[in-house]
1. Output the number of residues of region 147-159 satisfying the condition of being at pLDDT below 90 and either surrounded by 19 or more Cβ atoms within 10 Å (Cβ to Cβ) or within 16 Å of the chain's Cα centre (by Cα) (or both).
2. Are any residues in region 55-72 part of a helix (DSSP H, G or I) and in contact with a Ser or Thr (Cβ under 7 Å, 6 or more places away or on another chain), and if so, which ones?
3. Restricting to region 22-54, name every residue that is over 15 Å from the mean Cα position of the chain (by Cα) and outside any loop (DSSP other than H, G, I, E, B).
4. Output the residue which, of all residues in region 58-73 that are touching a residue at least 12 places away in the same chain (Cβ under 8 Å) and among the charged types (D, E, K, R), is surrounded by the most Cβ atoms within 10 Å (Cβ to Cβ).
5. Among the residues of region 73-114, write down those that are in a strand (DSSP E or B) and closer than 21 Å to Ile29 by Cβ.
Amino acid sequence: MSRTLQSSTLLEYGSDAVVREQILHSFPIVKVAHPDEAARNRISHEFTMLRILSELKVPTPVFDTQALTDEKGIYRYRMERLYKLDYDKLREYKQDVEYMLRMLHSYGIAFGDLHPGNIMRNGVGELVFIDPSCAGYLEEPVPFFIRPEIYQATTFHQTQDEYRLASYFA
């Protein structure tokens, strides 16, 4: 871990993890969980959901399918470099985001934490979902480690995705 810190640049500091960049790596972005158990559980769930979404061909970043683990489980993973959306143009993205959500929901999955910061562009300009740490199968129980402010209900549902789409991309 210390080698990653020494050879990388901090890009983001979030509630569950830090995002760092190692320019010379084939997957230059590394997402590292904070050391607390809840953050590690969410990063592990996020990685699992990325794998599921990728297998279903839902737009996600290209990532290293081998997460980095220790005795407590997954604590970080690597992915391609992504680019933030231009917030002044959110309306222009609405149709693409609607399509992505319909695809996701057609597989029986809710995203949960949909907002402009969890959608980015990849290297060829395509929109991708990032951070599916609050995603899950519709009508399945929401795991205890997902923050209660994300889901007030006890099961995953798509209503919240639809509400947030209308709120952020109107």
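The values are calculated or read from the model by the stated rules, or taken from the named source; none is laboratory data. Here the structure is a predicted model, which means the values were calculated and not measured. When we count neighbours, we look across all protein chains shown, and the Cβ atoms used for this are built from the backbone with ideal geometry, even at glycine.
1. Residues flagged as at pLDDT below 90 and either surrounded by 19 or more Cβ atoms within 10 Å (Cβ to Cβ) or within 16 Å of the chain's Cα centre (by Cα) (or both) within region 147-159 amount to 3.
2. Of everything in region 55-72, nothing turns out to be part of a helix (DSSP H, G or I) and in contact with a Ser or Thr (Cβ under 7 Å, 6 or more places away or on another chain).
3. Within region 22-54, Glu37, Ala38 qualify.
4. Per the stated criteria, the residue is Asp64.
5. Those that are in a strand (DSSP E or B) and closer than 21 Å to Ile29 by Cβ: Gly73, Ile74, Tyr75, Arg76, Tyr77, Arg78, Met79, Tyr83, Lys84.
Each row is one residue, and each column tells you yes or no for (1) surrounded by fewer than 19 Cβ atoms within 10 Å (Cβ to Cβ); (2) at negative phi; (3) at pLDDT 95 or above; (4) of a type in the set (Asp, Glu).
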position	(1), (2), (3), (4)
Glu98	yes, yes, yes, yes
Leu104	no, yes, yes, no
Ile109	no, yes, yes, no
Gly112	no, no, no, no
Ile119	no, yes, yes, no
Asn122	yes, yes, yes, no
Leu127	yes, yes, yes, no
Tyr137	yes, yes, yes, no
